[in-house]
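Comments concern the structure below.
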Amino acid sequence: MNTLDFDKRPEDTRVVVAMSGGVDSSVVAGILKREGYDVLGITLQLYDHGAAVHRAGSCCAGQDIDDARRVCETLGIPHYVLDYEQRFRDTVINPFMESYVAGETPIPCVACNQTVKFADLLATARELGADALATGHYIRSKSVPLANDPGHRALFRPIDSERDQSYFLFATTQEQIDYLRFPLGAMSKAEVRVLAEDMGLVVAQKADSQDICFVPQGKYADVINKLKPNAALAGDIVHLDGRVLGNHEGILHYTIGQRKGLGVATGEPLYVIYLDARSRRVIVGPKEALETHRVYLRDINWLGDRTLAEDASDGMPCFAKVRSTRPPTPAVLHADEKGVYVDLEIGEAGVAPGQACVLYSAPGADARVYGGGFIERSERSGTAESALKALLASPVAA
Ligand SMILES: Nc1ncnc2c1ncn2[C@@H]1O[C@H](COP(=O)(O)OP(=O)(O)OP(=O)(O)O)[C@@H](O)[C@H]1O
(Lines give C-alpha, C1' and ligand atoms only; values in the text may rest on other atoms or scores of the structure.)
Protein backbone atom coordinates (compact mmCIF):
# COMPACT_ATOMS: atom_id res chain seq x y z
CA MET A 1 0.00 0.00 0.00
CA ASN A 2 1.07 3.62 -0.59
CA THR A 3 -0.15 7.18 0.07
CA LEU A 4 -3.30 6.63 -1.96
CA ASP A 5 -3.98 3.13 -0.58
CA PHE A 6 -4.06 1.33 -3.91
CA ASP A 7 -2.57 -2.11 -4.24
CA LYS A 8 -1.18 -1.36 -7.71
CA ARG A 9 2.03 0.50 -8.53
CA PRO A 10 1.89 4.34 -8.40
CA GLU A 11 2.95 4.61 -12.05
CA ASP A 12 -0.13 2.56 -12.98
CA THR A 13 -2.41 4.75 -10.86
CA ARG A 14 -3.85 7.92 -12.34
CA VAL A 15 -4.93 10.67 -9.93
CA VAL A 16 -6.54 14.04 -10.57
CA VAL A 17 -5.53 16.71 -8.04
CA ALA A 18 -8.05 19.51 -7.43
CA MET A 19 -5.75 22.55 -7.48
CA SER A 20 -6.88 25.87 -6.04
CA GLY A 21 -3.56 27.63 -6.56
CA GLY A 22 -2.97 27.49 -2.79
CA VAL A 23 -0.12 25.80 -0.96
CA ASP A 24 -2.13 22.80 0.27
CA SER A 25 -3.33 21.37 -3.02
CA SER A 26 0.01 22.28 -4.65
CA VAL A 27 1.85 20.14 -2.09
CA VAL A 28 -0.62 17.28 -2.64
CA ALA A 29 0.27 17.33 -6.34
CA GLY A 30 3.98 17.50 -5.45
CA ILE A 31 3.84 14.55 -3.02
CA LEU A 32 1.98 12.36 -5.49
CA LYS A 33 4.28 13.28 -8.37
CA ARG A 34 7.33 12.48 -6.21
CA GLU A 35 5.86 9.08 -5.39
CA GLY A 36 5.53 8.32 -9.08
CA TYR A 37 1.79 8.61 -9.62
CA ASP A 38 0.33 9.64 -12.97
CA VAL A 39 -0.86 13.09 -11.81
CA LEU A 40 -3.14 15.59 -13.59
CA GLY A 41 -3.94 19.00 -12.07
CA ILE A 42 -7.36 20.61 -12.57
CA THR A 43 -8.34 24.11 -11.46
CA LEU A 44 -11.95 25.25 -11.50
CA GLN A 45 -12.62 28.85 -12.31
CA LEU A 46 -15.43 29.47 -9.83
CA TYR A 47 -16.06 33.19 -9.94
CA ASP A 48 -14.69 36.33 -11.47
CA HIS A 49 -13.40 38.39 -8.57
CA GLY A 50 -13.34 41.63 -10.51
CA ALA A 51 -16.75 41.55 -12.13
CA ALA A 52 -19.10 39.30 -10.21
CA VAL A 53 -18.42 39.67 -6.55
CA HIS A 54 -15.40 41.61 -5.47
CA ARG A 55 -14.72 45.27 -5.78
CA ALA A 56 -13.19 46.20 -9.10
CA GLY A 57 -9.44 45.93 -9.03
CA SER A 58 -9.23 42.68 -7.09
CA CYS A 59 -8.14 39.81 -9.29
CA CYS A 60 -7.31 36.91 -7.00
CA ALA A 61 -9.20 34.28 -9.02
CA GLY A 62 -6.94 34.95 -12.02
CA GLN A 63 -3.87 34.98 -9.80
CA ASP A 64 -4.83 31.65 -8.22
CA ILE A 65 -5.26 30.01 -11.61
CA ASP A 66 -1.90 31.36 -12.67
CA ASP A 67 -0.27 30.04 -9.48
CA ALA A 68 -1.72 26.56 -10.07
CA ARG A 69 -0.41 26.62 -13.63
CA ARG A 70 3.08 27.60 -12.48
CA VAL A 71 3.11 24.87 -9.82
CA CYS A 72 2.15 22.28 -12.45
CA GLU A 73 4.94 23.54 -14.71
CA THR A 74 7.46 23.18 -11.85
CA LEU A 75 6.24 19.66 -11.12
CA GLY A 76 6.06 18.69 -14.78
CA ILE A 77 2.42 17.62 -14.75
CA PRO A 78 -0.44 18.56 -17.11
CA HIS A 79 -2.82 21.30 -15.91
CA TYR A 80 -6.35 22.04 -17.06
CA VAL A 81 -8.64 24.94 -16.16
CA LEU A 82 -12.40 24.37 -16.31
CA ASP A 83 -14.93 27.19 -16.32
CA TYR A 84 -17.48 26.49 -13.56
CA GLU A 85 -18.63 30.06 -12.99
CA GLN A 86 -22.27 29.52 -13.93
CA ARG A 87 -22.51 26.26 -12.00
CA PHE A 88 -20.90 27.87 -8.92
CA ARG A 89 -23.30 30.81 -9.14
CA ASP A 90 -26.34 28.50 -9.43
CA THR A 91 -25.44 25.91 -6.82
CA VAL A 92 -23.36 27.84 -4.29
CA ILE A 93 -23.70 31.65 -4.44
CA ASN A 94 -27.46 31.87 -5.13
CA PRO A 95 -28.50 29.36 -2.42
CA PHE A 96 -26.10 31.17 -0.04
CA MET A 97 -27.95 34.45 -0.64
CA GLU A 98 -31.41 32.82 -0.38
CA SER A 99 -30.42 31.23 2.90
CA TYR A 100 -29.43 34.58 4.44
CA VAL A 101 -32.67 36.15 3.19
CA ALA A 102 -34.54 33.28 4.94
CA GLY A 103 -32.87 34.15 8.26
CA GLU A 104 -30.32 31.34 8.20
CA THR A 105 -26.53 31.29 8.42
CA PRO A 106 -25.41 29.16 5.46
CA ILE A 107 -22.16 27.25 4.93
CA PRO A 108 -21.39 27.57 1.21
CA CYS A 109 -18.27 25.39 1.45
CA VAL A 110 -20.48 22.34 2.09
CA ALA A 111 -22.57 23.15 -0.99
CA CYS A 112 -19.42 23.70 -3.06
CA ASN A 113 -17.93 20.36 -2.03
CA GLN A 114 -21.16 18.53 -2.75
CA THR A 115 -22.17 20.11 -6.03
CA VAL A 116 -19.00 21.35 -7.67
CA LYS A 117 -15.92 19.56 -6.36
CA PHE A 118 -17.24 16.11 -5.44
CA ALA A 119 -19.94 15.90 -8.09
CA ASP A 120 -18.85 17.60 -11.32
CA LEU A 121 -15.09 17.55 -10.83
CA LEU A 122 -15.24 14.00 -9.53
CA ALA A 123 -17.21 12.96 -12.63
CA THR A 124 -14.59 14.65 -14.82
CA ALA A 125 -11.84 12.76 -13.00
CA ARG A 126 -13.63 9.48 -13.69
CA GLU A 127 -14.04 10.42 -17.36
CA LEU A 128 -10.29 11.04 -17.53
CA GLY A 129 -9.75 7.49 -16.34
CA ALA A 130 -8.44 8.51 -12.91
CA ASP A 131 -8.46 6.02 -10.03
CA ALA A 132 -8.91 8.82 -7.51
CA LEU A 133 -9.52 12.54 -6.99
CA ALA A 134 -7.16 14.06 -4.41
CA THR A 135 -7.67 17.40 -2.62
CA GLY A 136 -5.76 19.51 -0.10
CA HIS A 137 -8.48 19.25 2.57
CA TYR A 138 -7.31 18.54 6.12
CA ILE A 139 -9.25 15.37 6.89
CA ARG A 140 -8.32 11.70 6.85
CA SER A 141 -9.92 8.81 5.06
CA LYS A 142 -8.88 5.29 5.96
CA SER A 143 -9.80 1.84 4.87
CA VAL A 144 -12.25 0.29 7.36
CA PRO A 145 -13.30 -3.02 5.79
CA LEU A 146 -16.85 -4.21 6.51
CA ALA A 147 -18.00 -7.83 6.21
CA ASN A 148 -20.17 -6.94 3.21
CA ASP A 149 -17.86 -4.24 1.80
CA PRO A 150 -14.11 -4.96 2.06
CA GLY A 151 -13.17 -1.72 0.22
CA HIS A 152 -15.11 0.48 2.63
CA ARG A 153 -13.41 3.75 3.68
CA ALA A 154 -14.31 6.05 6.56
CA LEU A 155 -13.57 9.68 7.47
CA PHE A 156 -11.50 10.76 10.49
CA ARG A 157 -10.43 14.10 11.88
CA PRO A 158 -6.90 15.11 10.75
CA ILE A 159 -3.73 15.14 12.81
CA ASP A 160 -3.64 18.97 12.69
CA SER A 161 -6.82 19.85 14.62
CA GLU A 162 -6.22 23.58 14.05
CA ARG A 163 -6.80 22.97 10.34
CA ASP A 164 -9.57 20.38 10.71
CA GLN A 165 -11.98 20.73 7.75
CA SER A 166 -14.21 17.77 8.69
CA TYR A 167 -17.03 20.16 9.63
CA PHE A 168 -17.28 21.19 5.97
CA LEU A 169 -17.07 17.64 4.67
CA PHE A 170 -19.78 15.89 6.70
CA ALA A 171 -22.06 15.64 3.65
CA THR A 172 -19.53 13.63 1.62
CA THR A 173 -21.29 10.46 0.52
CA GLN A 174 -19.87 6.97 0.90
CA GLU A 175 -19.40 6.65 -2.86
CA GLN A 176 -17.44 9.92 -2.93
CA ILE A 177 -15.34 8.90 0.09
CA ASP A 178 -14.35 5.67 -1.61
CA TYR A 179 -13.01 7.63 -4.61
CA LEU A 180 -11.50 10.67 -2.84
CA ARG A 181 -8.07 10.88 -1.23
CA PHE A 182 -6.86 13.48 1.30
CA PRO A 183 -3.06 13.12 1.61
CA LEU A 184 -2.72 16.08 4.04
CA GLY A 185 -4.84 14.52 6.79
CA ALA A 186 -1.74 13.04 8.38
CA MET A 187 0.35 16.23 8.13
CA SER A 188 0.55 19.58 9.88
CA LYS A 189 0.36 22.86 7.97
CA ALA A 190 3.92 23.64 9.08
CA GLU A 191 5.13 20.41 7.45
CA VAL A 192 3.19 21.27 4.30
CA ARG A 193 4.94 24.64 4.01
CA VAL A 194 8.36 23.02 4.52
CA LEU A 195 7.59 20.53 1.74
CA ALA A 196 6.43 23.35 -0.55
CA GLU A 197 9.78 25.15 -0.04
CA ASP A 198 11.64 21.91 -0.59
CA MET A 199 9.79 21.32 -3.86
CA GLY A 200 10.53 24.89 -4.99
CA LEU A 201 6.87 25.81 -5.39
CA VAL A 202 6.09 29.52 -5.96
CA VAL A 203 3.19 29.28 -3.50
CA ALA A 204 5.27 28.06 -0.55
CA GLN A 205 4.70 31.26 1.45
CA LYS A 206 1.35 32.22 -0.05
CA ALA A 207 -1.17 33.41 2.57
CA ASP A 208 -3.94 31.03 3.63
CA SER A 209 -7.24 31.53 1.85
CA GLN A 210 -10.08 33.32 3.62
CA ASP A 211 -13.06 31.52 5.16
CA ILE A 212 -15.51 31.87 2.27
CA CYS A 213 -13.61 32.28 -0.98
CA PHE A 214 -16.11 34.64 -2.70
CA VAL A 215 -16.71 36.84 0.38
CA PRO A 216 -13.88 39.36 0.92
CA GLN A 217 -13.12 40.07 4.59
CA GLY A 218 -16.24 38.19 5.70
CA LYS A 219 -18.51 41.01 4.44
CA TYR A 220 -21.23 38.74 3.11
CA ALA A 221 -23.93 41.47 3.18
CA ASP A 222 -21.87 43.49 0.65
CA VAL A 223 -21.84 40.49 -1.70
CA ILE A 224 -25.62 40.06 -1.35
CA ASN A 225 -26.24 43.79 -1.86
CA LYS A 226 -24.23 43.70 -5.03
CA LEU A 227 -25.74 40.55 -6.55
CA LYS A 228 -29.29 40.83 -5.21
CA PRO A 229 -29.83 44.54 -4.53
CA ASN A 230 -33.45 44.35 -3.28
CA ALA A 231 -33.05 41.36 -0.97
CA ALA A 232 -32.85 43.34 2.29
CA LEU A 233 -36.28 44.29 3.64
CA ALA A 234 -36.62 46.58 6.66
CA GLY A 235 -38.37 45.39 9.84
CA ASP A 236 -38.50 45.67 13.63
CA ILE A 237 -35.99 44.81 16.30
CA VAL A 238 -38.08 43.19 19.02
CA HIS A 239 -37.18 42.10 22.55
CA LEU A 240 -38.05 38.55 23.58
CA ASP A 241 -40.51 40.10 26.03
CA GLY A 242 -42.43 41.71 23.14
CA ARG A 243 -41.13 45.30 23.30
CA VAL A 244 -40.32 46.86 19.93
CA LEU A 245 -36.88 48.43 20.46
CA GLY A 246 -36.13 49.83 17.03
CA ASN A 247 -35.93 48.94 13.38
CA HIS A 248 -33.44 47.45 10.95
CA GLU A 249 -32.55 47.45 7.25
CA GLY A 250 -32.91 43.71 6.64
CA ILE A 251 -32.49 40.51 8.67
CA LEU A 252 -29.64 39.41 6.43
CA HIS A 253 -27.45 41.97 8.19
CA TYR A 254 -27.72 39.98 11.45
CA THR A 255 -26.54 36.63 12.72
CA ILE A 256 -27.64 34.62 15.75
CA GLY A 257 -25.51 35.47 18.76
CA GLN A 258 -24.52 38.90 17.41
CA ARG A 259 -24.13 41.54 20.08
CA LYS A 260 -22.47 44.51 18.44
CA GLY A 261 -24.10 46.84 15.95
CA LEU A 262 -27.71 46.31 17.02
CA GLY A 263 -28.28 50.05 17.35
CA VAL A 264 -30.66 49.74 20.32
CA ALA A 265 -29.85 51.09 23.77
CA THR A 266 -31.71 49.53 26.68
CA GLY A 267 -29.03 49.45 29.34
CA GLU A 268 -28.77 45.65 29.29
CA PRO A 269 -26.47 43.66 26.97
CA LEU A 270 -28.61 42.24 24.17
CA TYR A 271 -27.91 39.50 21.64
CA VAL A 272 -29.66 38.38 18.46
CA ILE A 273 -31.72 35.37 19.55
CA TYR A 274 -33.76 34.62 16.46
CA LEU A 275 -34.31 35.92 12.91
CA ASP A 276 -37.93 35.65 11.86
CA ALA A 277 -37.97 35.93 8.06
CA ARG A 278 -41.77 35.63 7.91
CA SER A 279 -42.40 38.78 9.96
CA ARG A 280 -39.00 40.36 9.19
CA ARG A 281 -38.30 40.66 12.93
CA VAL A 282 -34.87 40.54 14.52
CA ILE A 283 -35.55 39.13 17.99
CA VAL A 284 -33.08 40.08 20.70
CA GLY A 285 -32.69 39.08 24.33
CA PRO A 286 -30.25 38.38 27.16
CA LYS A 287 -27.31 36.03 26.74
CA GLU A 288 -29.02 33.16 28.63
CA ALA A 289 -31.71 33.08 25.94
CA LEU A 290 -29.11 31.94 23.40
CA GLU A 291 -28.29 28.74 25.21
CA THR A 292 -29.41 25.66 23.32
CA HIS A 293 -29.56 22.04 24.48
CA ARG A 294 -31.25 20.40 21.50
CA VAL A 295 -30.86 20.79 17.74
CA TYR A 296 -33.12 19.25 15.08
CA LEU A 297 -31.42 18.21 11.86
CA ARG A 298 -32.38 17.96 8.19
CA ASP A 299 -30.58 16.50 5.14
CA ILE A 300 -28.68 13.98 7.22
CA ASN A 301 -25.66 12.23 5.74
CA TRP A 302 -24.96 9.17 7.86
CA LEU A 303 -21.54 7.51 7.63
CA GLY A 304 -21.86 5.01 10.48
CA ASP A 305 -21.33 1.30 9.86
CA ARG A 306 -25.06 0.63 10.25
CA THR A 307 -28.08 2.64 9.14
CA LEU A 308 -29.01 5.82 10.99
CA ALA A 309 -32.10 4.13 12.45
CA GLU A 310 -30.10 1.13 13.67
CA ASP A 311 -27.43 3.32 15.23
CA ALA A 312 -29.57 6.08 16.72
CA SER A 313 -33.10 4.88 17.49
CA ASP A 314 -32.16 4.09 21.11
CA GLY A 315 -30.01 7.20 21.46
CA MET A 316 -26.37 7.08 20.38
CA PRO A 317 -23.69 8.72 22.55
CA CYS A 318 -21.32 10.75 20.41
CA PHE A 319 -19.60 14.15 20.22
CA ALA A 320 -21.22 17.01 18.33
CA LYS A 321 -19.85 20.15 16.74
CA VAL A 322 -22.52 22.76 16.03
CA ARG A 323 -20.24 25.60 14.92
CA SER A 324 -17.14 25.45 12.77
CA THR A 325 -15.06 27.21 15.40
CA ARG A 326 -16.08 25.06 18.42
CA PRO A 327 -14.65 21.72 19.52
CA PRO A 328 -16.90 18.62 19.53
CA THR A 329 -18.75 18.24 22.87
CA PRO A 330 -20.59 15.26 24.44
CA ALA A 331 -24.02 14.63 22.94
CA VAL A 332 -26.64 11.96 22.22
CA LEU A 333 -28.06 11.48 18.73
CA HIS A 334 -31.70 10.40 18.44
CA ALA A 335 -33.75 9.28 15.45
CA ASP A 336 -37.38 8.68 16.38
CA GLU A 337 -40.91 9.90 15.66
CA LYS A 338 -39.85 13.48 16.60
CA GLY A 339 -37.25 13.46 13.82
CA VAL A 340 -33.47 13.38 13.98
CA TYR A 341 -32.15 15.49 16.82
CA VAL A 342 -29.09 15.87 19.01
CA ASP A 343 -29.13 16.55 22.74
CA LEU A 344 -26.08 18.54 23.80
CA GLU A 345 -24.75 17.80 27.27
CA ILE A 346 -23.19 21.24 27.53
CA GLY A 347 -25.50 24.05 26.39
CA GLU A 348 -24.21 25.90 23.34
CA ALA A 349 -24.79 29.61 22.69
CA GLY A 350 -25.31 31.01 19.21
CA VAL A 351 -26.57 27.95 17.37
CA ALA A 352 -27.86 29.13 13.97
CA PRO A 353 -30.21 27.37 11.53
CA GLY A 354 -28.40 26.62 8.26
CA GLN A 355 -25.17 25.71 10.06
CA ALA A 356 -24.16 22.06 10.37
CA CYS A 357 -24.18 19.69 13.31
CA VAL A 358 -21.37 17.21 12.71
CA LEU A 359 -21.04 14.05 14.81
CA TYR A 360 -17.86 12.31 15.93
CA SER A 361 -16.85 9.16 17.81
CA ALA A 362 -14.51 11.02 20.19
CA PRO A 363 -13.64 14.61 21.15
CA GLY A 364 -10.02 14.65 20.00
CA ALA A 365 -7.89 14.32 16.89
CA ASP A 366 -8.34 11.16 14.83
CA ALA A 367 -11.99 10.77 15.88
CA ARG A 368 -14.19 9.10 13.28
CA VAL A 369 -16.67 11.36 11.47
CA TYR A 370 -20.13 9.80 11.73
CA GLY A 371 -21.71 12.38 9.40
CA GLY A 372 -24.28 14.96 10.41
CA GLY A 373 -26.95 17.28 9.10
CA PHE A 374 -27.97 20.89 8.73
CA ILE A 375 -29.53 22.56 11.77
CA GLU A 376 -33.20 23.17 11.07
CA ARG A 377 -34.10 24.59 14.45
CA SER A 378 -32.82 24.57 17.97
CA GLU A 379 -34.57 24.38 21.31
CA ARG A 380 -33.51 26.83 23.97
CA SER A 381 -33.12 26.13 27.64
CA GLY A 382 -35.43 27.40 30.39
CA THR A 383 -38.15 29.96 29.81
CA ALA A 384 -36.55 31.41 26.66
CA GLU A 385 -38.12 28.70 24.46
CA SER A 386 -41.68 29.42 25.60
CA ALA A 387 -41.12 33.20 25.39
CA LEU A 388 -39.87 32.83 21.83
CA LYS A 389 -42.76 30.56 20.82
CA ALA A 390 -45.26 33.05 22.24
CA LEU A 391 -43.61 35.90 20.39
CA LEU A 392 -43.54 34.01 17.09
CA ALA A 393 -47.23 33.18 17.47
CA SER A 394 -48.17 36.79 18.21
CA PRO A 395 -49.67 38.88 15.39
CA VAL A 396 -47.35 41.39 13.74
CA ALA A 397 -48.49 44.90 12.85
CA ALA A 398 -48.59 45.37 9.05
N1 LIG B 1 -10.88 26.54 -7.60
C2 LIG B 1 -10.53 25.30 -7.28
N3 LIG B 1 -10.23 24.39 -8.24
C4 LIG B 1 -9.88 23.13 -7.94
N5 LIG B 1 -9.81 22.67 -6.67
C6 LIG B 1 -10.09 23.51 -5.68
C7 LIG B 1 -10.47 24.87 -5.92
N8 LIG B 1 -10.69 25.47 -4.72
C9 LIG B 1 -10.45 24.54 -3.79
N10 LIG B 1 -10.09 23.35 -4.34
C11 LIG B 1 -9.75 22.08 -3.65
O12 LIG B 1 -10.41 22.04 -2.39
C13 LIG B 1 -9.45 21.99 -1.34
C14 LIG B 1 -9.92 22.77 -0.14
O15 LIG B 1 -10.25 24.08 -0.54
P16 LIG B 1 -10.07 25.32 0.43
O17 LIG B 1 -10.69 26.48 -0.27
O18 LIG B 1 -10.54 24.92 1.76
O19 LIG B 1 -8.53 25.53 0.32
P20 LIG B 1 -7.32 25.54 1.31
O21 LIG B 1 -7.51 24.65 2.49
O22 LIG B 1 -6.97 26.95 1.53
O23 LIG B 1 -6.28 24.78 0.37
P24 LIG B 1 -5.29 25.40 -0.70
O25 LIG B 1 -4.09 25.84 0.10
O26 LIG B 1 -5.03 24.27 -1.63
O27 LIG B 1 -6.02 26.56 -1.35
C28 LIG B 1 -8.17 22.55 -1.95
O29 LIG B 1 -7.04 22.11 -1.27
C30 LIG B 1 -8.27 22.02 -3.36
O31 LIG B 1 -7.87 20.65 -3.42
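What to note about this one:
- Across the accessible surface of the range 290-385, with the other protein chains kept in place and a 1.4 Å probe, carbon and sulfur atoms take up 49 percent.
- Counting only DSSP H runs of at least 4 residues, each contributing -39500 (n - 2.57), and dividing by the residue count of the chain, the helix-based mean residue ellipticity at 222 nm comes to -6000 deg cm²/dmol.
- Since only 369, 217, 327 are under comparison, the one whose Cα sits farthest along the positive direction of the charge dipole of the chain, derived from C-beta charges on Lys, Arg, Asp and Glu, is 217.
- Whichever lysines have a C-alpha closer than 20 Å to that of residue 8, once near sequence neighbours (fewer than 8 apart) are set aside: 33, 142
- Volume of the Cα convex hull of the chain, divided per residue and given in Å³: 149
- Surface accessible to a 1.4 Å probe, per residue, for the residues of the range 133-177, Å²: 40
- Alpha-carbon spread of the range 60-195, three principal axes, descending order, Å: 44, 39, 34
- Alpha-carbon Rg/Rh ratio, for the range 208-271, with Rh computed the Kirkwood way: 1.05
- GNM result for the chain, Cα springs below 10 Å: residue of 307, 105, 91 fluctuating most strongly: 307
- Working ranking of peptides 96-103, 220-227 by packing, defined as the average number of other Cβ atoms within 10 Å per residue, highest first, is 96-103, 220-227.
- Note on the range 152-170 and the range 62-120: Cα centroid distance 20 Å, given to the nearest whole angstrom.
- Largest-first principal axis extents, alpha carbons of the range 180-238, Å: 56, 24, 23
- As a length-normalised measure over Cα pairs under 8 Å and 6 or more apart, the relative contact order of the chain settles at 15 percent.
- For the range 290-385: accessible area per residue (Å², 1.4 Å): 41
- Whole-Hz ³J(HN,Hα) from phi, Karplus 6.51 cos²θ - 1.76 cosθ + 1.60, for the range 371-381, glycine and proline x: x, x, x, 8, 6, 8, 7, 10, 10, 7, 8
- Stokes-Einstein D for the range 255-354, Kirkwood Rh over Cα pairs, 4 °C, 1.567 mPa s (µm²/s): 85
- Note on the range 254-314: with charges restricted to the Cβ of Lys and Arg (+1) and Asp and Glu (-1), its dipole about the Cα centre is near 540 debye.
- Counting every alpha-carbon pair across the range 158-207, the share separated by more than 11 Å comes to 74%.
- 5 angstrom amide H check on residue 45, placed H, neighbours 5+ away: 82, 83, 84
- Charges were assigned to the Cβ only: +1 to each Lys and Arg, -1 to each Asp and Glu. The resulting dipole of the range 197-242 about its Cα centre is roughly 320 debye.
- Rounded to the nearest 20 debye, the dipole magnitude of the chain is 820 debye, with +1 charges on Lys and Arg beta carbons, -1 on Asp and Glu beta carbons, and the Cα centre as origin.
- Tail fraction, Cα-Cα pairs, the range 190-317, threshold 18 Å, whole percent: 70
The values are calculated or read from the model by the stated rules, or taken from the named source; none is laboratory data. Being a predicted model, the structure only gives us computed values, none of them experimental. In this analysis, Cβ positions are derived from the backbone assuming ideal geometry, glycine residues included, and neighbour counts consider all displayed protein chains. We work out accessible area using only protein heavy atoms, side chains counted, and drop any ligands, DNA or RNA first. Shrake-Rupley method; radii C 1.70, N 1.55, O 1.52, S 1.80 Å.
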